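The values are calculated or read from the model by the stated rules, or taken from the named source; none is laboratory data. Keep in mind it's a predicted model, so treat the numbers as computed, not measured. Because the Cβ atoms are built from the backbone with ideal geometry, glycine has one as well, and the counts that use them run over all protein chains shown. Areas reflect the complete protein model, heavy atoms only, side chains present, ligands, DNA and RNA absent. Shrake-Rupley method; radii C 1.70, N 1.55, O 1.52, S 1.80 Å.
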Amino acid sequence: MRRRALLAAGGTVATTALAGCSVLGSGTGPSTDRPCELDRSRERGAAGWPSLRGGPRNTGAVPAADAPAPPLAVDWVAGMSGLAGTVQPSVLDGVVHTSDYGGTLHALAADSGASRWQHTVEDVYPGQTVVGDLACYTSDAGIRAYDRRDGTRRWIAEQPDGPADYTFHPTSDGEVLAVGTDLGVAAVDAANGERRWHHRTGLETHTAPAVVDGVVFAGNDDTYVHALDATTGEGRWRAETDGRVRCPPSVVDGTVFVGSNDGTVYALDAATGERAWTHDLGPAVRVVAVTGGHVFAGAGGREVGPLVALRAATGERCWRRDVYEGRGLAAGLDHLWTYLPRDGDRGDTLGALDPATGETVWRLDGVEGRLGGIRGRLGVGVAVAGGAVYTGAIVDGDVATARLVEARRDRP
Amino acid sequence: MDRRASPAATGRRALLAALGTAVLAGCSSCPPPDSDEGSVRAGWPAPHGHPTNAGDVAGRPEPPDDPRVTAWNLHEFVDPSRDDTLFARSPVVGEEHVLVATGRRTGGSRKPAGRLFAFPPASDAPDPAWTARIGSGASAAPAVFGDLVVVPTFDGRLVARETATGDRRWERSLGAAPGTPTVVGDRLYVGDRGGTLRALSPDGDRCWRVDRGPLVEGIGLGRSPSASSKPAVAGDLVHAVYTREDTDPDRGRLVAHDRADGSVRWEYAFEPGNRPVRAPAVADGTVYLPGGEALHAVDAATGERRWRYAVSAGDGVSTPAVRDGSVYVCAKNVHALDAADGTERWRFVDEAVGDTFTRLQPLYAAPLAAGGRIYAGLGALDAATGEPRWGEFGNDPESAFFGRSLGGNLASEGPALVDGVLYATLRYGLLVRFGGGG
C-alpha cells in the first residue's frame, strides 16, 4: 500500500543501471582471430614431466618428438587402493611416480604400468616432483624425499616453524625445492631437505612455483606474483593483480606468464616484474602453457571455461574456444592435450586440439568400457612424455593411473 | 567495475524501479541536521569513534606501551538457564559507563536473547553498575545518543535506555533488525535488514526514511536488500551500504544520501562477496568501502571509483581506519595502504591458517589509527612500520584472550579508546581493558 501511495504521490525515483558488462573479456574479438603461426624454433619442454607443469619453468610444454599423435588408446591402467582422489603423475626416465592421494606412494614402469615399488606412509598430498634421483612428496609430516629406484626414504624436510604447513606441488631446479605454504612460500635444499627460507605473506600459496635462474616465482592468495631469491628468500619484486593467483607461473625467455583469479593473463618482465602486456579472459585463469612463441591459457570455475591462444610477444589472441574443463593442459607444437567436454553427456574426457586453430582433432570415447566399471573415468591433469599421455583415473571406484599411446589398428 | 546512476529506463523496468526507492517527507518536529559532524566527542558514542567511521583517534590520550590489563567475563553476570550464549558486540562509552550489548541470531530450541551491561570505566569493580535484558538480542553494537544508549535488536526494534540507570526511555519498532546507528548532533541515522535507512530525532521520531525495497531481480520479484552496516556521515551526505543475497555480481550498492531528506545523490555498485558487509568510512573526500574481497576508494562527491585494493583473504575486509594519508585495514592480516592510490606500504602477517582448534585468530575487527600507533587485534602496531608494540594479534596459540573458532575472535566493529584507555570485546563474552583502573 505504501508503494502505491508513493506512485500516486510521484515520489522520487532512483534507478540503477543494472546492465552488466560482458564477462567474456576485452581483447580481440572473433572477427580478428586468425590461426596461430607457431614458431617451431621456439619449442619448449624437455624429456620427461617431473612436476605438475612439466619442469621447473612450468611451461606445461612437451617437445613434439616426445608427444604422441592422436588417435590414442588406453595402453595400461594401474590400480591403487584408496578413494581419496586422483593425482597427476610424474614421469621421468621410464618410471612413473604417483600416489593414491592418501597413504601409498607408487613407482610404476612407464611402459607396462607394472609396479616397481610402493611405500605406505602417513598422509600424502596430491602432487610430487622428481628431482635427480629423488621423488619428493608433501605430507602432514613435511616434505619427504624417496630414492626413485627403490623407495628408500632419503630425507624429510619438516614443516616450517609455526602453524603454516607446506601445501601442494613442489618444484625444483635441482638445487632448490620450492613449495607453497599456508602463509607464503618456502624453499628447502633439494639434496638434503635442509630448510633454506620461508617467505611469509600471510596468505596461502596454492600451487606450484617456478624455479628459474636462481629465482623462485610464486603466485599467492594475496593477489601478488612474487619473485624471491632462491638462496635467501629475499624479495626481488612483486606484481599486484586483482585476485588470488592460483595459476602456476610460467617463466620463458625472461618473461613470466601467469593468470589470476581476476580473469587476466599477465606477462611480466622476469627481472623487474613490470607488465609487458595483459589479456582479459573473464573467469579466473587457472593454467598457462607456453611453446612456439605462444601462450595457451585456460580459465573457468565449476563450469566449462575459455581456452585461448595468445602471441607471447604481444598478448594478442589467435583463437578462443569455450572448452576448458579445469583439468590441466599440456602444449606441444602439434597438439594441445587437455580434458574436453563430452558431446551431450555430462563430464569430460581426454582430448587433443590443434594449437594453431583450437579445433578439436580427437576425443577419447568409450573410456568406461576400457577402464571397467560403471564409474570408470579419467581424472585430473596430464603429463605428456616419451610418446605417451599419463593421467590419473578412477577405475571401479578405485584410484588408478593410466597411460595412453598412439592407437594401432590391431589394438581395440 | 563501477556503475553510475542513470536516468530512468522506460516501461516495466522504470515501474519496478519506482517501487524500489521511496523518499517520504519528514515530520515537522525533526531538528535540522547538525553541521558539525567531525569533532571529537566525549566518550566513545559508537564504534569507529566518529560519525565518519574513519577511526582516527590522533590527539586522544593513548594507553602506555605496557598497559595494565583487566578483564570482565560477562558470563559471570548472567543466569545460564535463562540467557542464551553471549555474543558480545563492540563496546561503546557514555558519560558514566562502558556499555556492552550481547545477542546472537541462533537456531535451535533456545529463544535468542541478549543483555546490555554497563561497567564503570575507571574502577576495577568486579560487577557491572547495571544490566538489562535485550529481548531478542542485540543485532549490532549500540550507539550513545545524548544521555541514552540506543540498542538495535534482532526482532526489529531500537530500544533506548538511560545510560546512567538502564531505565527504558523509548522504543521504536522498525520491522527489520537494525544495524549500529550513527549519531550526529541531534539526529540518529540507522539502516536495517529490510533495506530501509532512517533519520530519527532524539525522541525516536522519524525525520525521514528511504526504502530501497525489493530491487529488480531479472523478471521475477525482487527481495529487499540489507542495509545493516553503520552509516558514515560526512559533510551533507549519509553513506549507506545495501546488499542483496542473490547471485547478481553487482548486488552491493554504496549509496550517498542527502542528510536533510535522504534523497539519493549517487550510487556505486560492487561485489560484496559472501561475508556481511562492514561499515564504510569517509576521510578527506573519499569513501572507503570494505566490499567483500576488496577495499574500494570512492570519491565522496561523485561516486567515481578512485582505486581498489584486492585482498581476497576469504573472510572479508574490515572498516578501515584512515589518517594522514594512510589507510589501515584488517583482512586476516593488517595492511597499511597509501590513501592516494592504494599502494601497500606495509603488512603485518597474522599466522592463523584456518585451523579452528587453536587460539590463532585472523584479524578482522576494525582498527583505530592514532599518531604513532595502530590499534589492531588486542594490541598496538607501529603506524609507520607495522611492527608490534604491545598486546596480542591472534598469533599466540596459548592466548589468554583469543578463543577457538568464530566466537573466540574480537567483535568486528573494533575497540573503543577513551581517556587513554582501550576497551575491546571478545565475542564469547569477554570485555578487556588496557590501561586505567587501579
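Answer yes if at least one residue in the range B:229-242 is basic (Lys, Arg) and either within 14 Å of another protein chain (Cβ to nearest Cβ) or outside any loop (DSSP other than H, G, I, E, B) (or both), and no otherwise.
Looking for residues that are basic (Lys, Arg) and either within 14 Å of another protein chain (Cβ to nearest Cβ) or outside any loop (DSSP other than H, G, I, E, B) (or both), one finds none in the range B:229-242, hence no.
Suppose we keep only residues that are over 28 Å from B:Ala129 (Cβ atoms) and away from chain A (no Cβ under 14 Å) within the range B:199-217. Which one would you say is modelled with the highest pLDDT?
B:Ala199
Filter the range B:138-171 for residues that are part of a loop (DSSP other than H, G, I, E, B) and closer than 22 Å to B:Tyr189 by Cβ and give the result.
B:Ser139, B:Ala140, B:Ala141, B:Pro142, B:Gly146, B:Asp147, B:Phe154, B:Asp155, B:Gly156, B:Thr163
Can you find, within the range A:154-180, the residue that is surrounded by the most Cβ atoms within 10 Å (Cβ to Cβ) among those that are part of a strand (DSSP E or B) and within 14 Å of chain B (Cβ to nearest Cβ)?
Here the answer is A:Gly180.
Given (1) modelled with pLDDT under 95; (2) surrounded by 17 or more Cβ atoms within 10 Å (Cβ to Cβ); (3) under 27 Å from B:Ala122 (Cβ atoms), identify the lone condition not met by B:Gly408.
Failing condition for B:Gly408: (3).
Check off (1) within 14 Å of chain A (Cβ to nearest Cβ); (2) over 16 Å from the mean Cα position of the chain (by Cα); (3) surrounded by 19 or more Cβ atoms within 10 Å (Cβ to Cβ) for B:Gly354 and give me the number that stays unchecked.
(3)
Restricting attention to the range B:235-255, report how many residues are under 17 Å from B:Thr319 (Cα atoms) and modelled with pLDDT of 95 or more.
Number satisfying all stated conditions: 6.
In this structure, is B:Ala269 within 13 Å of chain A (Cβ to nearest Cβ), in contact with a Lys or Arg (Cβ under 7 Å, 6 or more places away or on another chain) and touching a residue at least 60 places away in the same chain (Cβ under 8 Å)?
In short, yes.
Across the range B:84-140, which residue is modelled with the lowest pLDDT among those that are touching a Phe, Trp or Tyr at 6+ places or on another chain (Cβ under 7 Å) and of a type in the set (S, T, N, Q)?
Result: B:Ser136.
Does A:Asp280 satisfy the criteria of being open to solvent by 10 Å² or more (accessible area, probe 1.4 Å), among the acidic types (Asp, Glu) and touching a strand residue (DSSP E or B) at 6+ places or on another chain (Cβ under 6 Å)?
yes
Go through the residues of the range B:39-47 one by one and say whether even a single one is away from chain A (no Cβ under 14 Å), modelled with pLDDT of 55 or more and closer than 25 Å to B:Tyr268 by Cβ.
yes
Conditions tested, residue by residue: (1) more than 9 Å from every other protein chain (Cβ to nearest Cβ); (2) farther than 22 Å from B:Asn395 by Cα; (3) assigned to a strand (DSSP E or B).
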position: B:Trp307; (1), (2), (3): yes, yes, yes
position: B:Ser312; (1), (2), (3): no, no, no
position: B:Thr319; (1), (2), (3): yes, no, no
position: B:Val322; (1), (2), (3): yes, yes, yes
position: B:Tyr328; (1), (2), (3): yes, no, yes
position: B:Asn333; (1), (2), (3): no, no, yes
position: B:Ala340; (1), (2), (3): yes, yes, no
position: B:Trp346; (1), (2), (3): yes, no, yes
position: B:Asp350; (1), (2), (3): no, no, no
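Would you confirm, using the coordinates I've provided, whether B:Gly379 is in a loop (DSSP other than H, G, I, E, B), closer than 24 Å to B:His75 by Cα and in contact with a strand residue (DSSP E or B) (Cβ under 8 Å, 6 or more places away or on another chain)?
Working: in a loop (DSSP other than H, G, I, E, B): no; closer than 24 Å to B:His75 by Cα: yes; in contact with a strand residue (DSSP E or B) (Cβ under 8 Å, 6 or more places away or on another chain): yes.
Here the answer is no, as B:Gly379 does not meet what is asked.
Can you name every residue in the range B:277-327 that is more than 12 Å from B:Leu254 (Cα to Cα) and acidic (Asp, Glu)?
B:Asp284, B:Glu293, B:Asp315, B:Asp324
Look through the range B:41-74, keep the residues that are part of a loop (DSSP other than H, G, I, E, B), hydrophobic (A, V, I, L, M, F, W, C) and closer than 18 Å to B:Pro120 by Cα, and return whichever of them is most open to solvent (accessible area, probe 1.4 Å).
In this case the residue turns out to be B:Ala42.
Among the numbered criteria (1) assigned to a loop (DSSP other than H, G, I, E, B); (2) under 17 Å from the mean Cα position of the chain (by Cα), which single criterion is violated by A:Thr98?
Looking at each condition in turn, A:Thr98 falls short on (1).
Picking from A:Ala135, A:Ala114, which residue would you name as being out of contact with any Cys (no Cβ under 8 Å at 6 or more places or on another chain) and within 22 Å of A:Ala210 (Cα to Cα)?
A:Ala135
Identify, from the list B:Phe87, B:Phe145, the residue that is open to solvent by 10 Å² or more (accessible area, probe 1.4 Å), in contact with a Lys or Arg (Cβ under 6 Å, 6 or more places away or on another chain) and either within 25 Å of B:Thr319 (Cα to Cα) or not small (Gly, Ala, Ser) (or both).
Sole residue among the options that is open to solvent by 10 Å² or more (accessible area, probe 1.4 Å), in contact with a Lys or Arg (Cβ under 6 Å, 6 or more places away or on another chain) and either within 25 Å of B:Thr319 (Cα to Cα) or not small (Gly, Ala, Ser) (or both): B:Phe87.
Could you check how many residues of the range B:148-165 are farther than 16 Å from B:Arg193 by Cα, buried (at least 18 other Cβ atoms within 10 Å of the Cβ) and out of contact with any Leu (no Cβ under 7 Å at 6 or more places or on another chain)?
2
Output the residues belonging to the range A:188-205 that are open to solvent by 40 Å² or more (accessible area, probe 1.4 Å), part of a loop (DSSP other than H, G, I, E, B) and more than 11 Å from chain B (Cβ to nearest Cβ).
If the condition is that a residue be open to solvent by 40 Å² or more (accessible area, probe 1.4 Å), part of a loop (DSSP other than H, G, I, E, B) and more than 11 Å from chain B (Cβ to nearest Cβ), then A:Ala191, A:Asn192, A:Glu194 are the ones that fit.
At pLDDT below 95, under 20 Å from the mean Cα position of the chain (by Cα) and open to solvent by less than 10 Å² (accessible area, probe 1.4 Å): is that true of A:Val62 in this structure?
Here the answer is no, as A:Val62 does not meet what is asked.
Has the range A:136-153 got any residue that is open to solvent by less than 10 Å² (accessible area, probe 1.4 Å), among the aromatic types (Phe, Trp, Tyr), within 14 Å of chain B (Cβ to nearest Cβ) and part of a strand (DSSP E or B)?
The answer is no, given that none of the residues of the range A:136-153 is open to solvent by less than 10 Å² (accessible area, probe 1.4 Å), among the aromatic types (Phe, Trp, Tyr), within 14 Å of chain B (Cβ to nearest Cβ) and part of a strand (DSSP E or B).
Tell me, which strands (runs of 3 or more DSSP E) wholly within the range A:263-344 include 1 or more residues that are in contact (Cβ under 8 Å) with a residue 24 or more places away in the chain and of a type in the set (Lys, Arg)?
Answer list for the range A:263-344: A:275-280, A:285-291, A:305-311, A:317-324.
Please determine, by comparing only the residues of the range B:389-438 that are outside any loop (DSSP other than H, G, I, E, B) and among the charged types (D, E, K, R), which one is nearest to A:Pro163 (Cα to Cα).
Per the stated criteria, the residue is B:Glu392.
Test each condition in (1) in a loop (DSSP other than H, G, I, E, B); (2) in contact with a strand residue (DSSP E or B) (Cβ under 7 Å, 6 or more places away or on another chain); (3) surrounded by fewer than 19 Cβ atoms within 10 Å (Cβ to Cβ) for B:Arg133 and report the one that comes out false.
Checking B:Arg133 against (1) in a loop (DSSP other than H, G, I, E, B); (2) in contact with a strand residue (DSSP E or B) (Cβ under 7 Å, 6 or more places away or on another chain); (3) surrounded by fewer than 19 Cβ atoms within 10 Å (Cβ to Cβ), the one that fails is (1).
Considering only residues that are touching a residue at least 40 places away in the same chain (Cβ under 8 Å) and farther than 23 Å from A:Pro126 by Cα, which ones fall in the range A:214-224?
A:Val215
Out of all the residues in the range B:252-263, which are facing chain A (nearest Cβ under 10 Å) and either small (Gly, Ala, Ser) or surrounded by fewer than 20 Cβ atoms within 10 Å (Cβ to Cβ) (or both)?
B:Asp261, B:Gly262, B:Ser263 - these are the residues of the range B:252-263 that are facing chain A (nearest Cβ under 10 Å) and either small (Gly, Ala, Ser) or surrounded by fewer than 20 Cβ atoms within 10 Å (Cβ to Cβ) (or both).
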